[in-house]
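Heads up: the structure comes next, in structure tokens.
The values are calculated or read from the model by the stated rules, or taken from the named source; none is laboratory data. What you see is a predicted model; the values in this text were computed from it and never measured. Using ideal geometry, Cβ is built from the backbone for each residue, glycine included, and neighbour counts are taken over all protein chains shown.
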Amino acid sequence: MRHFGRANMWLVPASLGLATLAVVLLRWPRGPLWAALLLVVAWVWAVRYVLASRREARFLTESVIQLKDTVDRWASGDLLARVYLDQDDPLDSLAHGMNRVAEVLMERTRDLEQDKKQLEAILTSMANGIMILNHGLTITLVNRAALSMFRIQEPSVTGRHLLEVLRDVKIDDAVHRVTREGGSETVYWSPPDNESVVVEVTIGAIPEPLGGLGAVMVSRDVSLQSQLDRMRQDFVANVSHELQTPLTIIRGFTETLLEEDIDDESRERFTRLIHEEASRMSRLVDDLLTLSRMEHHSLPFVVEGVDLTVLMDSVIARMLPRAEAQGLLLVNRMPASLPLVSGDPDRLQEVFLNLVQNAVQYTPSGGTVTISAEEDVHQDRIGVSVEDTGIGIPAADLPRIFERFYRVDKARSRASGGTGLGLAIVKHIIELHHGRIDVSSVVGQGTRFQVWLPIYHEPGGSEP
Ligand SMILES: Nc1ncnc2c1ncn2[C@@H]1O[C@H](COP(=O)(O)OP(=O)(O)OP(=O)(O)O)[C@@H](O)[C@H]1O
Ligand SMILES: [Mg+2]
């Protein structure tokens, strides 16, 4: 048990009292003896007081050192450090207070760390890119999605200036405006080498703790959406254009017919032309409806075993008159018997009619159109080829011929009444059959389309 200053304070007046008494006693006969005794006691008490005071000073110094050490450990991040003093130490209540502060600090730090971890998890798992910039446009936080969207290779960009990391004038200007004037702005960004990738970047102002405005950049990959928008706009423009031409012709001829002074021969010719254009519009609308129904899976579609040899016989029979009229040779090289393929006979007929029609249409007189088939045992499928010796398709156009309305030679296709939807429909139907279509062509020599269809197996599992 320590005894501190106040407990020993009585020693001072007590020693002085004894010393005074000793002086008084000196006058008495046996006084010197008593006086000496009292002086010894006063001296002992005085020494005791001095020793107690020195010890107290030493203890206080130790406590202050302990407190300081603990504060140092907190400052270096060790919030588990605690200071324990004796109960009667005058600094004990301060130590208790400090320990309580440390507890509260620890709790807050735990909460903050938890919040930080949650925020990091949210940012990492977000599909949207997030980048936070301070007023000086230094990156203070960025998530993985933002790094990959902006094609940023460096692993660590925090602490660097936005312009160093993302050299884009549009984004830089927008961020400057937002951090100067507040509010938010949206800009679109594409990598310099790939215009088809579109990232929507929304920049919003965020107040900085010490005044001024920083910015948060939220980025979203909208490539697919903008591609769909572009396709929709192209489609509407194409349909309008395709309908406008026959409509203009029909209107022109009807206006002429309405005039009184027109001879019978011209009347008949104009009426025929009007009929042709109306038929073309009707075909176009039919093709569009077929495509739309296929896309919405509302086109009746049956799956059964289809004999391609029989099917191709019927296609050739239908196309033969036209081929002969054009001076073409239509050669049937289909094997006499083939495994059945799995599909809808009407839809498959449509596919091969389209392909043979194209071959006939794009092959000049004197050419040949050959139809053949082969079995691919490994992949359990049959491949039917329609090959012509026609005008061919330039390599640059080959990847696009299955797009709606795409025609290599627009004038030629239109002149023959084509809508430019034939191959788009063919491709759709083949995809519905889980098949594939390949094309190879040499300009001036000919084209070969090959359609692969899965071999049919009875639902029970036995071979047909
Ligand atoms: N066998 C072929 N030889 C040469 N070019 C072809 C051949 N088949 C298709 N093409 C080209 O591909 C384009 C697209 O063909 P697609 O069948 O989709 O349209 P189309 O024949 O013009 O009209 P339609 O919708 O009436 O069939 C054609 O315009 C033509 O340029
Ligand atoms: Mg066609």
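Among the residues making up region 444-463, those that are more than 13 Å from ligand 1 (Cβ to nearest atom) and among the aromatic types (Phe, Trp, Tyr) are TRP452, TYR456.
Within region 197-217, being surrounded by 17 or more Cβ atoms within 10 Å (Cβ to Cβ) and either outside the structural domain of LEU137 (by TED's automatic domain parsing) or acidic (Asp, Glu) (or both) holds for one residue alone: GLU200. For region 416-440, a residue qualifies if it is away from ligand 2 (no atom under 12 Å from the Cβ) and among the hydroxyl-bearing types (Ser, Thr, Tyr), and exactly one does: SER440. Just one of the listed residues (VAL369, VAL315, VAL331) is more than 45 Å from the chain's Cα centre (by Cα), among the β-branched types (Val, Ile, Thr) and over 21 Å from LEU423 (Cα atoms), namely VAL331. GLU265 falls short on exactly one of the conditions (1) exposed (fewer than 15 other Cβ atoms within 10 Å of the Cβ); (2) touching a Lys or Arg at 6+ places or on another chain (Cβ under 9 Å), and that condition is (2).
Filtering region 150-200 to residues that are within 29 Å of GLN227 (Cβ to Cβ), in a loop (DSSP other than H, G, I, E, B) and hydroxyl-bearing (Ser, Thr, Tyr) leaves SER190, SER196.
This table checks each residue for (1) more than 30 Å from the chain's Cα centre (by Cα); (2) closer than 15 Å to LEU353 by Cβ; (3) surrounded by 20 or more Cβ atoms within 10 Å (Cβ to Cβ); (4) near ligand 1 (Cβ under 8 Å from one of its atoms).
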{"residue": "ALA395", "(1), (2), (3), (4)": "yes, no, no, no"}
{"residue": "PRO399", "(1), (2), (3), (4)": "no, no, no, no"}
{"residue": "ARG407", "(1), (2), (3), (4)": "yes, no, no, yes"}
{"residue": "LYS410", "(1), (2), (3), (4)": "yes, no, no, yes"}
{"residue": "GLY417", "(1), (2), (3), (4)": "yes, yes, no, yes"}
{"residue": "LEU421", "(1), (2), (3), (4)": "yes, yes, yes, yes"}
{"residue": "GLU431", "(1), (2), (3), (4)": "no, no, no, no"}
{"residue": "HIS434", "(1), (2), (3), (4)": "no, no, no, no"}
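So for region 219-239 (the condition being over 30 Å from PHE405 (Cα atoms) and either within 23 Å of the chain's Cα centre (by Cα) or assigned to a helix (DSSP H, G or I) (or both)), does at least one residue qualify? Within region 219-239 (the criterion being over 30 Å from PHE405 (Cα atoms) and either within 23 Å of the chain's Cα centre (by Cα) or assigned to a helix (DSSP H, G or I) (or both)), the answer is yes, since at least one residue qualifies. Does THR447 satisfy the condition of being within 14 Å of ASN354 (Cβ to Cβ) and not in a strand (DSSP E or B)? No: the conditions fail for THR447.
In region 187-197, which residues are more than 14 Å from ASN128 (Cβ to Cβ) and touching a residue at least 12 places away in the same chain (Cβ under 8 Å)? Break it down stepwise before answering.
If we filter region 187-197 for residues that are more than 14 Å from ASN128 (Cβ to Cβ), which is where we start, we get 187-188, 190-197.
Within region 187-197, VAL187, TYR188, PRO191, SER196, VAL197 meet the criteria.
LEU147 - would you say it is surrounded by 13 or more Cβ atoms within 10 Å (Cβ to Cβ) and part of a helix (DSSP H, G or I)? Against the criterion (surrounded by 13 or more Cβ atoms within 10 Å (Cβ to Cβ) and part of a helix (DSSP H, G or I)), LEU147 qualifies.
Of a type in the set (S, T, N, Q) and either at pLDDT 95 or above or within 13 Å of ligand 2 (Cβ to nearest atom) (or both): does that describe SER372?
yes
Go over the candidates GLY5, GLY17, GLY31 one by one and state the one that is modelled with pLDDT of 85 or more and farther than 30 Å from ALA102 by Cα.
Details: GLY5 fails: modelled with pLDDT of 85 or more; GLY31 fails: modelled with pLDDT of 85 or more.
Checking each option against the conditions leaves just GLY17.
Quick one: would you say SER441 is within 8 Å of ligand 1 (Cβ to nearest atom), in contact with a strand residue (DSSP E or B) (Cβ under 7 Å, 6 or more places away or on another chain) and not aliphatic (A, V, I, L, M)? Spell out the reasoning first.
Working: within 8 Å of ligand 1 (Cβ to nearest atom): yes; in contact with a strand residue (DSSP E or B) (Cβ under 7 Å, 6 or more places away or on another chain): yes; not aliphatic (A, V, I, L, M): yes.
So SER441 fits the description; yes.
Might you let me know whether region 363-378 holds any residue that is in contact with a Leu (Cβ under 8 Å, 6 or more places away or on another chain), within 17 Å of ARG436 (Cβ to Cβ) and touching a residue at least 24 places away in the same chain (Cβ under 8 Å)? Yes. The number of residues in region 321-333 being touching a residue at least 12 places away in the same chain (Cβ under 8 Å) and farther than 12 Å from ILE371 by Cα comes to 5. The residue that is nearest to GLY444 (Cα to Cα), counting only those in region 334-362 that are within 16 Å of ligand 2 (Cβ to nearest atom) and without any contact (Cβ under 8 Å) to a residue 40 or more places away in the chain, is LEU353. Strands (runs of 3 or more DSSP E) fully within region 298-367 that include at least 2 residues being within 16 Å of ligand 1 (Cβ to nearest atom) and within 30 Å of ALA411 (Cα to Cα): 329-333.
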